[in-house]
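Here's the structure, in structure tokens; my notes come after.
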Amino acid sequence: MGKPLVHVKIGIAFEQFVSDAYDAILEQGNYSAAFELNSMLSDTESREIAVQTLLEFVDIYID
């Protein structure tokens, strides 16, 4: 199973991107990945690192 695709619009809030990423992961039933992502994001110190972490779990489509 590949990474889920998340639709990202220019200018959306970072929190919305995180929420959409979680939703996409959970829609695939990949609960362990959601828990792992949550753990990794809890340890990040910046949004730039958080975005890199998110991209390990989801692919994005920018509109």
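The values are calculated or read from the model by the stated rules, or taken from the named source; none is laboratory data. Since the structure is predicted, the reported quantities are computational estimates derived from the model, not experimental observations. Cβ atoms come from the backbone with ideal geometry, glycine included; neighbour counts cover every protein chain shown. Please note that ligands, DNA and RNA were not included when accessible areas were found on the heavy atoms of the full protein model with its side chains. Shrake-Rupley method; radii C 1.70, N 1.55, O 1.52, S 1.80 Å.
Observations on the structure shown:
- Just one of (1) of a type in the set (D, E, K, R); (2) in a helix (DSSP H, G or I); (3) open to solvent by 60 Å² or more (accessible area, probe 1.4 Å) fails for GLU56. It is (2).
- Looking across the stretch 33-53, the residues that are part of a loop (DSSP other than H, G, I, E, B) and loosely packed, with under 12 Cβ neighbours inside 10 Å come down to ASP43, GLU45, SER46.
- Checklist (1) among the charged types (D, E, K, R); (2) in contact with a strand residue (DSSP E or B) (Cβ under 9 Å, 6 or more places away or on another chain); (3) not in a loop (DSSP other than H, G, I, E, B) applied to LYS3, failing item: (3)
- Contact map, the stretch 9-32: first residue open to solvent by less than 40 Å² (accessible area, probe 1.4 Å), second residue part of a helix (DSSP H, G or I), Cβ cut-off under 6 Å, separation 6 or more or different chains; pairs are ALA21/LEU54; ILE25/ALA33; ILE25/ALA34.
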